[in-house]
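Asker: Got a structure here, written out as C-alpha coordinates. Questions coming.
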Amino acid sequence: MVLRAGNALSVILEGRYNILSWDPRAVNLTSPSLKCFPTAGDGVRFARDIEKLGLLSDLEGDAEGEKKWMNQLDVFAEALVGACEENGEKLLLRSSSTAFVVRDMKRILEAIGEEKLSYWGFRCVPSSP
(Lines give C-alpha, C1' and ligand atoms only; values in the text may rest on other atoms or scores of the structure.)
Protein backbone atom coordinates (compact mmCIF):
# COMPACT_ATOMS: atom_id res chain seq x y z
CA MET A 1 0.00 0.00 0.00
CA VAL A 2 2.82 2.42 0.84
CA LEU A 3 4.50 1.63 -2.46
CA ARG A 4 1.33 2.60 -4.33
CA ALA A 5 0.19 5.51 -2.15
CA GLY A 6 3.34 6.69 -0.38
CA ASN A 7 3.62 9.98 -2.25
CA ALA A 8 -0.04 10.83 -1.61
CA LEU A 9 0.34 9.91 2.08
CA SER A 10 3.39 12.15 2.35
CA VAL A 11 1.39 15.06 0.92
CA ILE A 12 -1.52 14.38 3.28
CA LEU A 13 0.85 14.20 6.27
CA GLU A 14 2.66 17.34 5.05
CA GLY A 15 6.03 15.64 5.47
CA ARG A 16 5.65 15.56 9.26
CA TYR A 17 6.17 11.80 9.57
CA ASN A 18 8.47 9.15 8.23
CA ILE A 19 6.34 6.42 6.69
CA LEU A 20 7.34 2.85 7.42
CA SER A 21 5.44 -0.21 6.30
CA TRP A 22 5.61 -3.88 7.18
CA ASP A 23 3.34 -6.87 7.27
CA PRO A 24 3.12 -8.56 10.68
CA ARG A 25 4.06 -12.20 10.92
CA ALA A 26 1.87 -14.54 8.85
CA VAL A 27 0.08 -11.65 7.11
CA ASN A 28 -0.11 -11.12 3.34
CA LEU A 29 3.22 -11.93 1.68
CA THR A 30 5.28 -12.64 4.77
CA SER A 31 6.88 -16.02 4.79
CA PRO A 32 6.75 -18.76 5.57
CA SER A 33 3.04 -19.05 4.93
CA LEU A 34 0.68 -20.36 7.61
CA LYS A 35 -0.61 -22.94 5.11
CA CYS A 36 -3.94 -23.35 6.88
CA PHE A 37 -5.56 -25.02 3.88
CA PRO A 38 -4.46 -28.27 2.22
CA THR A 39 -4.42 -26.57 -1.22
CA ALA A 40 -4.34 -23.01 -2.53
CA GLY A 41 -7.77 -23.65 -4.05
CA ASP A 42 -9.22 -24.42 -0.61
CA GLY A 43 -7.92 -21.09 0.70
CA VAL A 44 -9.36 -19.19 -2.29
CA ARG A 45 -12.76 -20.87 -1.81
CA PHE A 46 -12.74 -19.94 1.87
CA ALA A 47 -11.96 -16.29 1.02
CA ARG A 48 -14.67 -16.24 -1.67
CA ASP A 49 -17.26 -17.61 0.75
CA ILE A 50 -16.42 -14.84 3.20
CA GLU A 51 -16.78 -12.22 0.46
CA LYS A 52 -20.09 -13.65 -0.80
CA LEU A 53 -21.58 -13.45 2.68
CA GLY A 54 -20.45 -9.84 3.02
CA LEU A 55 -18.35 -10.56 6.09
CA LEU A 56 -15.66 -8.10 5.04
CA SER A 57 -18.04 -5.16 4.89
CA ASP A 58 -18.65 -2.85 7.79
CA LEU A 59 -21.53 -3.48 10.16
CA GLU A 60 -24.64 -1.60 9.15
CA GLY A 61 -28.29 -2.03 9.85
CA ASP A 62 -30.46 -3.07 12.72
CA ALA A 63 -29.46 -5.09 15.76
CA GLU A 64 -30.84 -8.33 14.30
CA GLY A 65 -28.80 -7.89 11.11
CA GLU A 66 -25.69 -7.16 13.11
CA LYS A 67 -26.28 -10.25 15.26
CA LYS A 68 -26.58 -12.43 12.14
CA TRP A 69 -23.39 -10.89 10.72
CA MET A 70 -21.50 -11.55 13.97
CA ASN A 71 -22.76 -15.15 14.14
CA GLN A 72 -21.62 -15.82 10.57
CA LEU A 73 -18.27 -14.20 11.26
CA ASP A 74 -17.83 -16.39 14.35
CA VAL A 75 -18.51 -19.54 12.32
CA PHE A 76 -15.92 -18.58 9.72
CA ALA A 77 -13.38 -17.55 12.37
CA GLU A 78 -13.79 -20.93 14.08
CA ALA A 79 -13.43 -22.69 10.72
CA LEU A 80 -10.23 -20.75 9.98
CA VAL A 81 -8.79 -21.54 13.41
CA GLY A 82 -9.67 -25.21 12.93
CA ALA A 83 -8.04 -25.28 9.49
CA CYS A 84 -4.89 -23.64 10.85
CA GLU A 85 -4.74 -26.02 13.83
CA GLU A 86 -5.11 -29.01 11.52
CA ASN A 87 -2.93 -27.98 8.56
CA GLY A 88 -0.96 -24.91 9.59
CA GLU A 89 2.71 -24.42 10.27
CA LYS A 90 2.70 -25.02 14.03
CA LEU A 91 5.90 -23.12 14.88
CA LEU A 92 4.78 -20.07 12.91
CA LEU A 93 1.32 -20.15 14.51
CA ARG A 94 2.88 -20.09 17.97
CA SER A 95 4.90 -17.01 17.06
CA SER A 96 2.13 -15.04 15.30
CA SER A 97 0.26 -13.49 18.19
CA THR A 98 -0.45 -9.87 19.06
CA ALA A 99 2.31 -10.04 21.67
CA PHE A 100 4.87 -11.01 19.02
CA VAL A 101 3.68 -8.23 16.70
CA VAL A 102 4.08 -5.69 19.50
CA ARG A 103 7.60 -6.98 20.19
CA ASP A 104 8.40 -6.67 16.48
CA MET A 105 7.10 -3.08 16.48
CA LYS A 106 9.28 -2.30 19.49
CA ARG A 107 12.32 -3.73 17.72
CA ILE A 108 11.56 -1.63 14.63
CA LEU A 109 11.47 1.50 16.81
CA GLU A 110 14.76 0.53 18.44
CA ALA A 111 16.35 -0.10 15.03
CA ILE A 112 15.40 3.35 13.72
CA GLY A 113 16.26 5.08 16.99
CA GLU A 114 12.74 6.23 17.88
CA GLU A 115 10.94 6.05 21.21
CA LYS A 116 7.36 6.68 20.10
CA LEU A 117 5.19 5.35 17.34
CA SER A 118 2.19 6.84 15.56
CA TYR A 119 0.45 3.77 14.21
CA TRP A 120 -2.05 3.50 11.39
CA GLY A 121 -3.07 -0.07 10.67
CA PHE A 122 -5.46 -1.91 8.42
CA ARG A 123 -7.43 -5.07 8.82
CA CYS A 124 -6.49 -7.97 6.60
CA VAL A 125 -8.76 -8.50 3.66
CA PRO A 126 -8.24 -11.53 1.42
CA SER A 127 -7.86 -10.56 -2.22
CA SER A 128 -9.97 -12.08 -4.95
CA PRO A 129 -8.14 -14.11 -7.58
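The values are calculated or read from the model by the stated rules, or taken from the named source; none is laboratory data. Not measured: the values here are computed from a predicted model. Note: ideal-geometry Cβ built from the backbone for every residue, glycine included; neighbour counts use all protein chains shown. Please note that ligands, DNA and RNA were not included when accessible areas were found on the heavy atoms of the full protein model with its side chains. Shrake-Rupley method; radii C 1.70, N 1.55, O 1.52, S 1.80 Å.
Asker: Taking the highest mean first, how do the peptides 14-21, 92-99, 43-50 order by number of other beta carbon atoms within 10 angstrom per residue?
Answerer: Values: 14-21: 9.9, 92-99: 13.2, 43-50: 15.6.
Per-residue Cβ counts within 10 Å, averaged per peptide and sorted highest first, yield 43-50, 92-99, 14-21.
Asker: Taking the Cα of Trp120, stepping 7 Å toward and past its beta carbon, and measuring to each backbone N in region 1-45: which are under 18 Å?
Answerer: 1-24
Asker: So if each residue of separation counts as 0.36 nm, and I subtract the Cα-Cα distance between Lys52 and Met1, what length gain in nm does that give?
Answerer: Values: separation 51, 0.36 × 51 = 18.36 nm, distance 2.43 nm.
Gain in length upon complete extension: 15.9 nm.
Asker: While we're on this one: Which aspartates and glutamates have a Cα lying under 18 Å from the Cα of Lys106, excluding residues fewer than 8 positions away in the same chain?
Answerer: Lys106 reaches Asp23, Glu114, Glu115.
Asker: Can you give me the angle between helix 63-87 and the longest principal axis of the chain, using Cα atoms only, in degrees from 0 to 90, rounded to the nearest 10?
Answerer: Taking the Cα atoms of the chain, the angle to 63-87 is about 80 degrees.
Asker: Hey, another quick one. Relative to the longest principal Cα axis of the chain, at what angle does helix 98-112 sit, 0 to 90 degrees, rounded to 10?
Answerer: Approximately 20 degrees, to the nearest ten.
Asker: Sticking with the crude label model, points 7 Å out along Cα→Cβ, report the distance from Leu9 to Asp74 in nm, one decimal please.
Answerer: 3.5
Asker: For the chain, what relative contact order do you get, as a whole percent, if you take Cα pairs closer than 8 Å and at least 6 residues apart? Present the calculation step by step, with values, prior to reporting the outcome.
Answerer: Details: 67 pairs, mean separation 41.2, N = 129.
Relative contact order for the chain comes out at 32 percent.
Asker: Express in nm, to one decimal, how much length is gained between Thr98 and Ile112 on full extension, taking 0.36 nm for each residue of separation and deducting their alpha carbon distance. Don't skip to the answer; put the middle values down first.
Answerer: Details: separation 14, 0.36 × 14 = 5.04 nm, distance 2.13 nm.
Going from the current span to full extension adds 2.9 nm.
Asker: Taking a probe of 1.4 Å, how large is the accessible area per residue of the chain, in Å²? If you can, show how the numbers build up before the last one.
Answerer: Numbers: 10150 Å² over 129 residues.
Heavy-atom accessible area per residue stands at 79 Å².
Asker: Once R0 is set to 25 Å, what does the formula 1/(1 + (r/R0)^6) return for the Cβ-Cβ distance between Lys90 and Asp42, expressed as a FRET efficiency to the nearest 0.05? Please list the in-between numbers first.
Answerer: Working: r = 18 Å, r/R0 = 0.74.
Efficiency at R0 = 25 Å is approximately 0.85.
Asker: Angle, helix 40-52 long axis vs. longest principal axis of the chain, Cα atoms, 0 to 90°, nearest 10?
Answerer: Tilt relative to the chain: about 90 degrees.
Asker: I need the shape label for region 1-93. Rule: rounded when a/c is under 1.5, else prolate if a/b > b/c, else oblate, with a, b, c from the alpha carbon gyration tensor. Intermediate results must be reported in sequence, preceding the final value.
Answerer: Values: a/c = 2.63, a/b = 1.29, b/c = 2.04.
Oblate is the answer for region 1-93, as a/c is 1.5 or above yet b/c matches or exceeds a/b.
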